[in-house]
Amino acid sequence: METAPLARNTVNHDGAPFKMAVENLSAFYGTKKAVSGVSLGFRQQTVSAIIGPSGCGKSTLIRCLNRMHEVVPGSRIDGKVFLDGEDIYQEDPVSVRRRIGMVFQKPNPFPTMSVYDNVAAGLRLNGVRKRAVLDAAVTKGLKQAALWDEVKDNVYGPGIRLSGGQQQRLCIARALAIEPEVVLMDEPCSALDPIATAKIEDLIFDLQKTYTVVIVTHNMQQAARVAEYTAFMYLGELVEYDRTEKIFEQPAQKLTENYITGRFG
């Protein structure tokens, strides 16, 4: 098991630096501590899953990774989050979110926008105006999200009219269009049926060829299917973090074993 603490220039056991590293991170909502002293690292071009029962702090943790946590009034963090060795909390949050994309639990396409405009929204916010650049980015994003073949004949139709699974892939395309380095997904399949879920999982598997992916999921089978590494959280603390097969087959902590075997949660 990989354990804390991590240092600014920490490398993993293979000798390569972590793409992202969390060092002694605690997160608060007012006086309530939701995450307590978490340290772990995420490898480049891998999928890492964060699992645990409801209320264990996993969604709060992932929101700290691109500074979405701080938009909640009264919230704050202690500790550090590094991207390529640089503390993201010392950087401009807008530039951080360009490099670290986020996909939320429920599909949230912009309701008044077309499919095209949904995907192009982030680029336009970043000042991109050239039509050729937008066209290329929208096409690329939709193809990366495995949605192009389904919408290519109606890219100017309302995004909100797509099915739930298509809307989630549209949101993934929107996140990918700005060409982030890391993609965060907070329970991206929880509102989807099994067929749509399978498509998202196939997509996650493909995304790791280009991106570092971190996914929060309540579905342990999903973590086992898509993630190379898995972190188990309980009551705001990181209990264990290791290769996924190790977590599920030979966990080092009794608490992890009890959760994996369904004794609680």
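The values are calculated or read from the model by the stated rules, or taken from the named source; none is laboratory data. Since this is a predicted model, take the numbers as computed values, not measurements. We place every Cβ from the backbone using ideal geometry, glycine too, and count neighbours over all the protein chains shown. These accessible areas exclude ligands, DNA and RNA; they are computed on the full protein's heavy atoms, side chains included. Shrake-Rupley method; radii C 1.70, N 1.55, O 1.52, S 1.80 Å.
Worth pointing out:
- Packing-based order for 249-255, 103-109, using average beta carbon neighbours within 10 Å, highest first: 103-109, 249-255
- For the range 167-172, putting each phi into the Karplus relation 6.51 cos²θ - 1.76 cosθ + 1.60 with θ = phi - 60° gives couplings of 4, 5, 5, 5, 5, 5 Hz, in residue order, rounded to whole numbers and with x for Gly and Pro.
- Paramagnetic label reach from Thr112 (point 7 Å along Cα→Cβ; backbone nitrogen cut-off under 20 Å): within the range 164-181, residues 171.
- Given charges at Cβ of Lys, Arg, Asp, Glu: the chain dipole, positive-most of Pro17, Val214, Leu192: Leu192
- Largest-first ordering by accessible area, 1.4 Å probe, given options His218, His69: His218, His69
- Rough spin-label spacing in nm, given labels placed 7 Å along Cα→Cβ, for Gln250 and Glu228: 2.0
- Euclidean distance of C-alpha centroids, the range 98-168 and the range 247-265, integer Å: 39
- Net lengthening on full extension, Arg129/Arg161 (0.36 nm per residue, minus Cα-Cα): 8.9 nm
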